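Below: one structure, written as structure tokens.
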Amino acid sequence: MASHFSGVLQLTDLDDFITPSQECVKPVKVEKKQGKSVAKIQIEDDGSYVQINQEGQKQKLEKAKITLNDCLACSGCITSAESVLITQQSHEELFKVLRNNKASEMEKKVVVVVSVSPQSRASLAAFYGLSSSDAGRRLTSFFKGLGVHYVFDTSFSRTFSLLESQREFVERFQKNKALPMMTSACPGWICYAEKTHGDFVLPYISTTRSPQQMMGSLVKGYFAEQQGLSPQQIYHVAVMPCFDKKLEASRSDFYLSDAESREVDCVITSGEVQRMLEEENVSLGDIQAAPLDTLFSSVRDDEFLSHAGSGSGGYLHHVFTYAAKQIFGEEVKELTYKTLRNKDFQEVTLEKDGAVVLSFASTYGFRNIQNLVQKLKKGKSPYHFVEVMACPSGCLNGGGQVKPSPGQNPKEFLQKVERLYMAEQPQAPENDSHVSELYQSWLLSVGEERAKELLHTRYHAVEKMTNGLTMKW
């Protein structure tokens, strides 16, 4: 049967994932009344299903529809090699919104905002033979040519994530509370933790929002206020290296109830952007560059800043250097990584007076994650902080990234993506004056509790459910 969804939503070439569980079924609640038997289900000649009650009356049944929220609420897989059933998280949906905008009257149009991750820029740059910053400017031109109004870079929102992670860790360390602190930017890891380890592991996970959802706060909050718009008047699209980011955007924690709007309305992957370019019959290299939009007029159009450390955001690097200085007064200029069981499991330590006072690790891929959690359950984890990512090699190797051309070596292509990503000018998050300005002018004005909601999130242990169908076939 042909899929009704985009071909790029087929998760292929994965060699490190949690296989679907037999319990990966949308639970059906069956209310059994006293003295009455359950109904029967019959399959008609046309393939439809009907329910037959005791009196022989037939009622046609609707097909079950699995939504993103159902996917998050089940107790089954993290990802699989099957089609991902997504109705409002695809590039076709973005095209639909843009077409409706062109056909609508002025007052019915929505302002379309696209936020592009630096990992996606690097992936597309590698495929089209461009620099990462050049790819960003050409993507801006491409999206605006389609009818998008603003294009932002999520490096800015990641600065918020890094700063909040730094502060959260120092507070936990000083109180000796819920250590090791584990990063929360990877939705695949969060989904796995909630469904598999629940209340045991969730207290260890950082409450700091991911860069995607930080951008959701900024776009539907600060930017909307600056433009005099309500959140419903903005359609916010995020370009990400990961399919699981679609699940993250769908979480109820990131839904604005009063405004009846999601902070991120749609997530498309790097691969979907490539598909959009193909459908428009253009190459990114042939598109004329355009200045990137920013939240501040004083930012230069060529200012694509990155953060030192890993291609997954540099959480270990920045939290480590900040903690070393704030807690122990040590200025760490360069981190020394020690590879453990494999290249995706590394650690960094800080010694003072001959004793290890800080022990950090980066753990990528579910094999390493499972080993880490098992050590934690046995009380044998030596770490204070762990940068956790579901994909081997981290976000630059995300499942939604552009695939290499036929005949191109995947390992060499990934190395090219990494080089392009690291080539951008790194900046320490605490040195970003624009972020400091937002903390003062916006977050302080909304109050402490609201500011915390905008910068942090919460997690939910998912109770395992089994299939409730008891009907006779």
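The values are calculated or read from the model by the stated rules, or taken from the named source; none is laboratory data. Note that the coordinates shown come from a computational prediction; the quantities given were computed from them, not determined experimentally. For neighbour counting, all protein chains shown are included, and Cβ atoms are generated from backbone atoms with ideal geometry for every residue, glycine included. Note: areas computed on protein heavy atoms with side chains; ligands, DNA, RNA excluded. Shrake-Rupley method; radii C 1.70, N 1.55, O 1.52, S 1.80 Å.
So here's what we get for this one:
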item: Every residue from segment 242-261 that is open to solvent by 20 Å² or more (accessible area, probe 1.4 Å) and in a strand (DSSP E or B); result: Tyr255, Leu256
item: Candidate set from segment 179-214 (those that are among the aromatic types (Phe, Trp, Tyr) and modelled with pLDDT under 95); member that is farthest from Leu358 (Cα to Cα); result: Tyr192
item: Among residues of segment 156-188, those that are crowded, with 24+ Cβ neighbours inside 10 Å, part of a helix (DSSP H, G or I) and not polar (S, T, N, Q), counted; result: 6
item: Selection from segment 262-286 of residues that are acidic (Asp, Glu) and not in a loop (DSSP other than H, G, I, E, B); result: Glu272, Glu278, Glu279, Asp286
item: Elements of type helices (runs of 4 or more DSSP H) contained in segment 45-128, each with 3 or more residues being at pLDDT 55 or above; result: 91-103, 118-128
item: From Glu449, Glu412, residue being of a type in the set (Asp, Glu), open to solvent by 40 Å² or more (accessible area, probe 1.4 Å) and modelled with pLDDT of 90 or more; result: Glu412
item: Pairs where the first residue, in segment 102-128, is over 27 Å from Met214 (Cα atoms) and the second is of a type in the set (Ser, Thr, Tyr), C-beta under 8 Å, 6+ apart; result: Phe127/Ser405; Tyr128/Ser283
item: Unique residue being outside any loop (DSSP other than H, G, I, E, B), open to solvent by 70 Å² or more (accessible area, probe 1.4 Å) and among the charged types (D, E, K, R) when the list is Glu418, Glu351, Glu347; result: Glu351
item: Number of the condition not met by Pro404 [criteria: (1) modelled with pLDDT of 90 or more; (2) in a helix (DSSP H, G or I)]; result: (2)
